[in-house]
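Colleague: Structure incoming, see below.
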Amino acid sequence: SQKIEQNSEALNIQEGKTATLTCNYTNYSPAYLQWYRQDPGRGPVFLLLIRENEKEKRKERLKVTFDTTLKQSLFHITASQPADSATYLCALFTGGGNKLTFGTGTQLKVEL
Amino acid sequence: ETGVTQTPRHLVMGMTNKKSLKCEQHLGHNAMYWYKQSAKKPLELMFVYNFKEQTENNSVPSRFSPECPNSSHLFLHLHTLQPEDSALYLCASSQDGAGGGDTQYFGPGTRLTVL
């Protein structure tokens, strides 16, 4: 079965810097990959989707890359702000309908 | 708000109790999902319903019983739960549960504690 690895340790960065979060998977490359944001006590909120034939996707200050050779996706937040502090989840489409397999998430803290 | 509501937000129950979790989506979607999120663990998919039909049961114990009376409502009936079932239970919906690539919209979750 597909195994997803996200850095379980919290990532602390200074406001204004670029945050880079990593999502690695172990088996076959999924047809697409999604990133979600989750705040404490709330459900995940969809941010971006990237397909296997896309190298990069952008949305405002967010950028996602997808490298099927490395079996890795990187999630970047440029000009980070304290309001970006949250847990970010990587999710892979694992086939059979709209099934997603989620990683454990990486907690990001943006400090003033 | 995401258009997906869940009630109750918090629930404490004993192992012999019977309770139900409710989820409602106002997005006109055709697929609904139940997930379990435990501390330090990834979201675990429990059940998927597409057009009111259950299409996925991810080896969930029978003490969890889902019900989907229509495309807008989803229930999770709970009975004789164990303390290890304590977790955040999340409901989600998407436009289509048969294809791939659909965004899933999550509710705020029900924080369940089993004593």
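Colleague: Just the residues that are among the aliphatic types (A, V, I, L, M) and at pLDDT 95 or above, please, taken from the stretch A:12-47.
Modeller: A:I13, A:A19, A:L21, A:V45, A:L47
Colleague: Here's a check for you: in the stretch B:96-112, which residue that is open to solvent by less than 50 Å² (accessible area, probe 1.4 Å) and in a strand (DSSP E or B) is farthest from the other protein chains (Cβ to nearest Cβ)?
Modeller: The residue in question is B:L112.
Colleague: Among the residues that make up the stretch A:65-76, is at least one of them of a type in the set (A, V, I, L, M) and closer than 27 Å to B:S93 by Cβ?
Modeller: Among the residues of the stretch A:65-76, not one is of a type in the set (A, V, I, L, M) and closer than 27 Å to B:S93 by Cβ, which makes the answer no.
Colleague: Let me ask something else. Filter the stretch B:25-44 down to the residues that are out of contact with any Ser or Thr (no Cβ under 7 Å at 6 or more places or on another chain), surrounded by fewer than 19 Cβ atoms within 10 Å (Cβ to Cβ) and more than 11 Å from chain A (Cβ to nearest Cβ) and list them by number.
Modeller: B:H26, B:G28
Colleague: Now, a different point. Taking the stretch A:66-83 as the region of interest, how many residues are touching a Ser or Thr at 6+ places or on another chain (Cβ under 6 Å) and among the hydrophobic types (A, V, I, L, M, F, W, C)?
Modeller: Residues in the stretch A:66-83 being touching a Ser or Thr at 6+ places or on another chain (Cβ under 6 Å) and among the hydrophobic types (A, V, I, L, M, F, W, C): 2 in total.
Residue by residue, here is whether (1) within 14 Å of another protein chain (Cβ to nearest Cβ); (2) crowded, with 17+ Cβ neighbours inside 10 Å; (3) out of contact with any Gly (no Cβ under 8 Å at 6 or more places or on another chain) holds:
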| position | (1), (2), (3) |
| --- | --- |
| B:N50 | yes, yes, no |
| B:Q54 | yes, no, yes |
| B:N57 | yes, no, yes |
| B:H73 | no, no, yes |
| B:L78 | no, yes, yes |
| B:L81 | no, yes, yes |
| B:D85 | no, yes, yes |
| B:Y89 | yes, yes, no |
| B:S94 | yes, yes, yes |
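Colleague: Identify all residues within the stretch B:4-23 that are open to solvent by less than 50 Å² (accessible area, probe 1.4 Å) and modelled with pLDDT of 95 or more; write none if there are none.
Modeller: Across the stretch B:4-23, the qualifying residues are B:V4, B:Q6, B:P8, B:L11, B:L21, B:C23.
Colleague: In addition: If we scan the stretch B:50-65, do we find a residue that is touching a residue at least 60 places away in the same chain (Cβ under 8 Å) and assigned to a loop (DSSP other than H, G, I, E, B)?
Modeller: no
Colleague: Tally time: how many residues in the stretch A:26-44 are open to solvent by less than 10 Å² (accessible area, probe 1.4 Å) and assigned to a strand (DSSP E or B)?
Modeller: Looking only at that region, the number is 5.
Colleague: Select from the stretch A:80-112 the residues that are assigned to a strand (DSSP E or B) and of a type in the set (S, T, N, Q) and write down the one among them that is nearest to the other protein chains (Cβ to nearest Cβ).
Modeller: That would be A:T101.
The values are calculated or read from the model by the stated rules, or taken from the named source; none is laboratory data. Only a predicted model underlies this, so the values are computations on that prediction, with no experimental measurement involved. Positions of Cβ are generated from backbone atoms using ideal geometry, with glycine treated the same way; all protein chains shown enter the neighbour counts. The accessibility values were calculated without ligands, DNA or RNA, using every heavy atom of the protein model including side chains. Shrake-Rupley method; radii C 1.70, N 1.55, O 1.52, S 1.80 Å.
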